[in-house]
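Remarks on the structure that follows.
The values are calculated or read from the model by the stated rules, or taken from the named source; none is laboratory data. Quantities reported herein were computed from a predicted structural model and do not represent experimental measurements. Note: ideal-geometry Cβ built from the backbone for every residue, glycine included; neighbour counts use all protein chains shown. For accessibility, only protein heavy atoms count, side chains too; no ligands or nucleic acids. Shrake-Rupley method; radii C 1.70, N 1.55, O 1.52, S 1.80 Å.
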Amino acid sequence: MTRLPGTAKTPGGLYAAPSLVWLSVFFLAPLAIIVAYSFLTPGALGGVEWSPTLDAYRAIANPTFGKVTVNTIIVAMGATAITMLIAIPCGYYMARSEHQNILLMLVMIPFWTNFLIRIYAWIAILGNEGFLNDLLLSLGLVDQSVRFLYNRGAVMLVLVYTYLPYAILPLYSTIDKFDFSLLEAARDLGASKMSAINRVLLPNIRGGVLTAFLFTFIPIFGAYAVPLLVGGTESYMLGNLIADELTKSRDWPLASAISMVITLVTTLGVLLLLRANGTSVLGGDDHEAAEPAGEADALGAAR
Amino acid sequence: MEARKLIDISMNLPHCALRIEDGSDSVAGPVSATGNGLPRGRALQGGIMECGGAKKKTVKGSDVVIEHVRKSFGEFKALDDVSIDIRKGEFFSLLGPSGCGKTTLLRIIAGFEAPEGGSVLLDGQSVLPLPPDARRVNTVFQNYALFPHLSVFENVAFSLRLKRAPEAIVKARVSDYLALVELQAHASKKPSQLSGGQKQRVAIARALINEPSVLLLDEPLSALDAKLRQHMLIELDSIHDKIGITFIYVTHDQQEALSVSDRIAVMNSGAVLQIGTPQEIYEAPATDFVARFIGETNLYEADVTAVSGERVDLLTAEFGAIVVTATNPPPAGSRISWTIRPEKIRIGHTEPRAARDGINVVSGVVAEPIYSGFQSKFYVDTASGAQLKVIKQHADWSDEGPELAWKDDVWLSFSAEDAYIVEVRR
């Protein structure tokens, strides 16, 4: 097990014990169960039979799984990208605003309402007889109800809405610590507004951008409720596939195997991202101290 | 040291103002080019060259004309009708206490603030419509504002990278400017690995590599310790001599401003109180505020009793009748403020023998001697109850008698030529 060196002897190990126990019981144990189930034979009415097989992983080769995976990646990438594009300016504005506390409050308020209820609220707004259609009809802008729901667009919209605060908060806290005189320095040195942001702001808030990306992408990649409630067949995602295998097909090993794939893909992705970030933060020193230059420029002449 | 002294003397002369005719980039005249690294060889109008052995000085950059600039933040008037003419190639300081508007003025020149009225002209062209990146000025920021994610090399190369300069040119130019600030060995370090003085030099190189026509320096030395500050000040001065562009230097430290500036504008509460050479500012302060702010001073009020030519007789509550000089004497009967600098007062145990007309003599008791290494300051109480500050260098071989001590009876004397009328009250 993950017994760190010297855990038993040092007080530090003792202090860490509660969280170690917590993690072992509630994180590692379920994970171990899923790993184990993915290698077992499905029981007739759900559950598993204890005879090891690789059938579940063979079943993944099925084209349905591939299609759902591609759709999941498209939705997750798209929704994350849109979330980030909204969250960065929001975080920037909040960090520079005089009313930081009010704005922070506004970002937090949605958390006071249950997640599912907020999804139903979107259904009430976007439904065929929802507020938006009522408004459009009464204004005469459309002749009949527009079908806003049950497609990929609706899934992305509600996902962006749901995870926006998770992206805004880490971005806000990083940008808040950013020294804005650096942007003035960049402008002073000839950078336009956009290139000051690209060359100075973004590299320096990279940690926050990464956190916001992970906080958004990972839960969206595993989304279940949103595509279930506002999505259609085309926006079926891996989360729904797992749920269906578990509850409808009753193929627990297959559900476990799909979970394993998601876990492995996201873990690998996160590790690669962290590494890329780490190396490029430390790297970029490929310029040696340059050799003494000739008298080519005005400075040489002035000397 | 010798060179500095000569310069100081030259600055008292009215004809010494550095004036460059249109279109000329360097000053014509018999200039020697020994290049011995002495600061500030000053070429003068009419081909006069002072400072024996000083090097050739190239004058580049732009003149900056600030006209009736106004700026307020809410109720607070940061700048109230400020007008300053800064000459091409000048080392010009904006000096004043914090909140006097000097940094706001610098930020207006740089383009980070827009004034509510007035104009800022660079070589006769208004820069106000231009964004900061389109102005031929660069700034050295107070907190350096180095890009923490970039190496020293890339920090300096920043503006060249923006212009997509070829790699070979970037390398050559960056190493030139790193050489100028003696940081070649640190090119690959990150700003966080540098000392304060090194960061400062990166900031200077980064601002200069763009070859601006005006360099703005916003309290660039305030974050450094006293010794380093002195050193950097000399470096700044020599960089100014090498580059030859206009420097506008914002500081609240009168010592800094006095030692490097060609001219100084003293500011307070959003207004310019006086513009002049360090000598003019120090020797002939225009207002009480300037007199108090620049160096230490003794400032008193008095009534003018008689005027003859430049000689003015005063009746003071503190010292009785004294005599001072004034180039523009106010009429008899005026109420004025006058000043005498502490180091211009002679202090001794014996009454000055050679006292002649025009030497004011006062007696008193040492109330507080303050020893500070290279000199001592004495607070001397006079019979009338006034207190005078006197600064004295320590005795050398030519001095007689014991050092001055607490409660000693002393004689103070100062020349009418060193005492000035500052403000005329009525």
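Laid out as a table, the results:
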{"item": "Pair list, Cβ under 6 Å, 6 or more apart: region B:351-376 residue closer than 22 Å to residue B:420 by Cα, other residue among the small types (Gly, Ala, Ser)", "result": "B:352/B:413; B:358/B:416; B:359/B:413; B:359/B:415; B:361/B:355; B:361/B:413"}
{"item": "Options A:239, A:232, A:207, A:222; residue that is at pLDDT below 95 and within 14 Å of chain B (Cβ to nearest Cβ)", "result": "A:207"}
{"item": "Sole exception among (1) open to solvent by 50 Å² or more (accessible area, probe 1.4 Å); (2) facing another protein chain (nearest Cβ under 9 Å); (3) closer than 24 Å to residue A:205 by Cα; (4) more than 24 Å from the chain's Cα centre (by Cα) for residue B:169, by number", "result": "(3)"}
{"item": "Lone qualifier among A:229, A:254, A:264 - being farther than 15 Å from residue A:78 by Cβ and assigned by TED's automatic domain parsing to the domain that holds residue A:82", "result": "A:229"}
{"item": "Some residue of region B:296-314 being surrounded by fewer than 22 Cβ atoms within 10 Å (Cβ to Cβ), under 13 Å from the mean Cα position of the chain (by Cα) and part of a loop (DSSP other than H, G, I, E, B)", "result": "no"}
{"item": "Residue B:77 being assigned to a strand (DSSP E or B) and of a type in the set (D, E, K, R)", "result": "yes"}
{"item": "Positions within region B:315-328 being open to solvent by 20 Å² or more (accessible area, probe 1.4 Å) and either of a type outside the set (A, V, I, L, M) or within 15 Å of residue B:424 (Cα to Cα) (or both), in sequence order", "result": "B:315, B:318, B:319, B:320, B:325, B:327, B:328"}
{"item": "Which listed residue, of B:223, B:265, B:205, is open to solvent by less than 10 Å² (accessible area, probe 1.4 Å), in contact (Cβ under 8 Å) with a residue 60 or more places away in the chain and of a type outside the set (Asp, Glu)", "result": "B:265"}
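Results for (1) assigned to a helix (DSSP H, G or I); (2) in contact with a Gly (Cβ under 6 Å, 6 or more places away or on another chain); (3) not hydroxyl-bearing (Ser, Thr, Tyr), shown as yes or no for each residue.
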{"position": "A:157", "(1), (2), (3)": "yes, no, yes"}
{"position": "A:162", "(1), (2), (3)": "yes, no, no"}
{"position": "A:165", "(1), (2), (3)": "yes, no, yes"}
{"position": "A:168", "(1), (2), (3)": "yes, yes, yes"}
{"position": "A:173", "(1), (2), (3)": "yes, no, no"}
{"position": "A:185", "(1), (2), (3)": "yes, no, yes"}
{"position": "A:200", "(1), (2), (3)": "yes, no, yes"}
{"position": "A:209", "(1), (2), (3)": "yes, no, yes"}
{"position": "A:214", "(1), (2), (3)": "yes, no, yes"}
